[in-house]
1. Where in the stretch 390-449 are there trypsin sites (Lys or Arg not before Pro) that are in a DSSP coil and have at most 14 other Cβ atoms within 10 angstrom of their Cβ?
2. How would Cys432, Cys136 line up from fewest to most surrounding beta-carbon atoms within 10 angstrom?
3. Take the alpha-carbon positions of the stretch 381-459, form their convex hull, and give its projected area averaged over all directions (one quarter of the hull surface) in nm².
4. Order these by the 10 Å Cβ neighbour count, fewest first: Phe92, Phe426, Phe443.
5. Take Lys160, Lys285 and order them by how many other Cβ atoms sit within 10 Å, fewest up front.
6. The stretch 318-464: D in µm²/s via Stokes-Einstein (Kirkwood Rh, Cα pairs, 20 °C, 1.002 mPa s)?
7. Output the pairs from Lys117/Lys285; Lys61/Lys376; Lys335/Lys421; Lys117/Lys421; Lys160/Lys285; Lys61/Lys274 with a Cα-Cα distance over 32 Å in this structure; if there are none, say none.
8. Tell me, what is the Rg over Rh of the stretch 277-373, with Rh the Kirkwood radius over Cα pairs?
Amino acid sequence: MLTIFGRQPSTSHGFCDGVSRRDFLTIGGMALGGVSLSGLLRAESVATPAAGSSKPGLGHKAIINIYLPGGPPHLDMWDPKPQAPLEIRGEFQAIQTNVPGIEVSEMFPRMAQMMDKFVLVRSLSDSDGAHDAYQCMTGRRKGGRQPPGGWPQGGAWVSKMQGQVNPAIPANVALMYQTGNRTWGEAGDGGFLGVAHSPFNLLGREARSTSDNMVLHGITLEKLRDRTALMQSLDRFQRTADHRGQMDSMDVYTQQAMGILTTARLVDALDLSKENPAVVARYGKSSTQFQRDGAPPMIENFCIARRLVEAGARFVSLNYSRWDWHGSDGMNYPKCREECPLLDQGLAALVTDLHERGLDRDVSVVVWGEFGRTPKINGSNSRDHWPQANTAVLAGGGMRTGQAVGETNRYGEVPMLRPVKFQEVFATLYKCAGIDAQNLRVFDQSGVPQYLVDPGNEPLHEVT
């Protein structure tokens, strides 16, 4: 792990971490040894457009994977049951959307006004039931069959199949905060595809210098253009890494690391001060406070994710806030009233942004958690874990939006029509990204051919 420190921003819109510590950029598994100054400059000339050239369009397909740690309450958000008894339907009213026949919770008025740009998958049926990001990152159950090396995360498949758009931006990027509940902050890895395709996680919880977190001393995000200081720091880094015996395992990443470190493209994508202030304001202002053992509700990271795919990322994963509310320590309805309006504003802003920029056919968005919540409200006016039913939200990607796929029964207990699996959602995202998940395969470490999704998991025909 390589860490580059940055200054605490003096303005309200700084780098994407935004927490009340020093911001830092973490680039996982990259090497810096054995590179000359001429190599640095050559890498920059490849990644930086010539002066006077026009800014290119997106030119590639991308996926934004928004994970809501803890299990969002599906009945109180996107699968309301207004005709159910009070102990099922809860405190919120269902409201009509701009798509006849589709209702959502009153907590999502902005999404309701533009439901024609969303797809609600109301019948996710195979939630693992564990408090873990794994299924939302890979599509697979964590306790299921694993090939040697493990299953790749979704972005690792995309990185392997499509590669980098340019050397300055990793194909597979994560904005995943390290969380108190560790599994809520894990973006997954490259599995049997190798660490070269693992997500480059740009966030953390605190800056640490340990044996597995190598600090590039003397270089901040603000000074990457200083070639003399950069070479001095690289020399110090190489000596330190040689002393630790780490260089051999890092050499494979040298070229990729140089492409990232020697241009401002990644840094600029992370810097919201370079975004139109009116656009940033549209997303809403969120708290930098970590939600107990979850992530902070940094809604501005939705905008950062859009900026990253515009800069060249193909897959961006992020965790947002904490959605595990059982009782007096986090009652369901007060927390819903606090969290849902901000999520509503952020999602509406993101999808509006994609449409206004002409990216709605290129960029797919998925929003989900690891499971739903109990239909019946418990004695603490909250809902408990409920893997039997779950909801996902899709947008963009050229999908046929303005519809709800699947349906739970009248109490929201189980899928009644069109049960959908996580892998079917991933197959849909891959197809929107231009990847044939059913026919492309890669041999794992034991020589067995593996597919992106298991046989029988087809893209959702309703939307693709």
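FYI, it's all coordinate maths here, none of it is from the lab. Keep in mind it's a predicted model, so treat the numbers as computed, not measured. Ideal geometry is used to build each Cβ from the backbone, glycine not excepted, and the neighbour counts take in all protein chains shown.
1. Details: sites: Arg400, Arg410, Lys421, Lys431, Arg441; in loops: Arg400, Arg410, Lys421.
Taking the stretch 390-449 and a limit of 14 other Cβ atoms within 10 Å, the loop trypsin sites (Lys or Arg not before Pro) found are Arg400, Arg410.
2. Working: Cys432 24, Cys136 29.
Ascending number of Cβ neighbours within 10 Å: Cys432, Cys136.
3. On the way: hull surface 30.9 nm².
Computed as one quarter of the Cα hull surface, the answer is 7.7 nm².
4. Details: Phe92 21, Phe426 26, Phe443 11.
The order, fewest Cβ neighbours first, is Phe443, Phe92, Phe426.
5. Values: Lys160 21, Lys285 12.
The order, fewest Cβ neighbours first, is Lys285, Lys160.
6. On the way: Rh = 17.6 Å.
My calculation gives 122 µm²/s for D.
7. Details: Lys117/Lys285 23 Å; Lys61/Lys376 41 Å; Lys335/Lys421 28 Å; Lys117/Lys421 22 Å; Lys160/Lys285 36 Å; Lys61/Lys274 23 Å.
Result: Lys61/Lys376; Lys160/Lys285 exceed 32 Å.
8. Working: Rg = 14.4 Å, Rh = 14.5 Å.
Radius of gyration relative to Kirkwood radius: 0.99.
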